[in-house]
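The values are calculated or read from the model by the stated rules, or taken from the named source; none is laboratory data. As the structure is a prediction and not an experimental result, all values here were calculated from the model. Because the Cβ atoms are built from the backbone with ideal geometry, glycine has one as well, and the counts that use them run over all protein chains shown.
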Amino acid sequence: MDLTNFHKEFLFQGHAFQSSKALLAFVEKLSEESAAFLKQWFDGGSFIELQTSGATGIPKKLRLSKHAMVTSAKATGSFFGLGAQSTALLCLSPDYIAGKMMWVRALVLGWHLDLAPMNSTPLKDLTKSYDFSAMVPLQLNASLKNLFRIKKLIVGGAPVSKDLEQQLQKCSTEVYATYGMTETCSHIAVKKLNLSNSEYPSCYRILPGVSIALDERACLTIELPWGAGRLLKTNDLVALHSPTEFEWLGRFDSVINSGGVKLIPEQIESKLAPCFDQRFFIAGIPDSILGQKVVLLLEGKREKIASKQRIASLLKGMDLSKYELPKEIYYVPKFVETPTQKIQRMQTVALILE
């Protein structure tokens with residue numbers, strides 16, 4: 001494919017363009033972020049330079065192949081049945097991979113793309129309806145009343161809370177959580193959050209051409225059709241239910257070894273989710289007897305949250321083993337976050353250890 005050109009059916013804001021130069025001139029009047037990305041996309045080079053979010057480690061700069069991004073875009077289009085003239089809404093910043101890939105999908109597949117406000121309520125003043133869009137959970141939560149204007153929606157950047165997932169059951173929109181990372185050119189698998197009739201509703205289904213397996217740690221490995229034959233090893237603990245479906249269990253590097261018992265924080269958090277309105281997470285901190293002890297971190301000021309005694313009493317009534325039960329409760333006024341609002345667990349735990 002000539003990357004200095006685009007699909008003949010592509011439209012932006014209802015306009016057709018004869019050249020990339022004409023498109024860029026039009027976009028520059030509307031969005032600096034989109035214009036900056038398109039300049040890179042049409043520069044004749046083979047790579048896009050960008051930075052990882054840093055949610056699970058130190059942010060790092062990457063070079064992604066434009067050919068890989070094109071192949072990923074085609075896989076998404078095939079999975080969701082979105083061909084030329086599909087309508088799509090861009091409400092994520094092209095400074096990050098999710099926003100960049102919305103542009104690539106539109107350019108490559110011939111979508112009719114419109115630009116929405118890149119704030120927490122992108123659907124607020126919308127009068128049109130769309131076949132496809134992508135959001136972060138914050139936007140989704142604030143858009144429930146107008147979500148009917150999107151037929152299919154992917155959500156990424158952070159986990160969707162159990163409460164929000166429950167509210168989605170009333171929506172006609174097909175909503176999918178995504179699994180992926182910057183290195184994989186956005187998502188490589190999706191999980192339907194509502195209207196699901198799957199035998200494994202908690203499972204992610206991989207995109208066409210993707211292959212998955214487990215390594216010796218029971219962590220997911222990924223082989224991508226756009227990965228030049230390279231096997232990508234992750235730190236994500238998963239259960240494989242079929243060659244194309246997996247259930248995410250937690251992070252290998254988050255596992256707590258407490259008195260010789262290995263615990264996955266994310267599994268404990270799933271049990272505790274109905275208990276708390278504010279953000280929280282489970283972590284392990286050094287302990288002279290157990291090696292590591294399980295602790296609960298709550299976001300907010302102590303005086304605005306239930307007392308430790310009340311929370312401890314609540315936890316004892318939950319379906320937790322004696323190993324899973326938090327030994328300490330900490331209040332953190334504000335969790336450390338990435339620019340895309342993902343919780344940085346290690347940095348936040350460091351706050352309580354200081």
- prompt: How many residues are over 20 Å from residue 86 (Cα atoms) and touching a residue at least 60 places away in the same chain (Cβ under 8 Å) when one looks only at the range 13-33?
  reply: 3
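Rundown of residues vs (1) of a type in the set (Gly, Ala, Ser); (2) assigned to a strand (DSSP E or B); (3) assigned by TED's automatic domain parsing to the domain that holds residue 94; (4) surrounded by 15 or more Cβ atoms within 10 Å (Cβ to Cβ), yes/no style:
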position: 139; (1), (2), (3), (4): no, no, yes, yes
position: 147; (1), (2), (3), (4): no, no, yes, yes
position: 154; (1), (2), (3), (4): no, yes, yes, yes
position: 157; (1), (2), (3), (4): yes, no, yes, yes
position: 164; (1), (2), (3), (4): no, no, yes, yes
position: 172; (1), (2), (3), (4): yes, no, yes, no
- request: Please give the number of the condition residue 125 fails out of (1) surrounded by fewer than 18 Cβ atoms within 10 Å (Cβ to Cβ); (2) part of a helix (DSSP H, G or I).
  value: (2)
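Within the group 270, 242, which residue is outside the structural domain of residue 66 (by TED's automatic domain parsing) and among the hydroxyl-bearing types (Ser, Thr, Tyr)? Please lay out each step first, then the result.
Numbers: 242 fails: outside the structural domain of residue 66 (by TED's automatic domain parsing).
That would be 270, the only listed residue that is outside the structural domain of residue 66 (by TED's automatic domain parsing) and among the hydroxyl-bearing types (Ser, Thr, Tyr).
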task: Go through (1) in contact with a strand residue (DSSP E or B) (Cβ under 7 Å, 6 or more places away or on another chain); (2) at pLDDT 95 or above and name the single condition residue 148 misses.
output: (1)
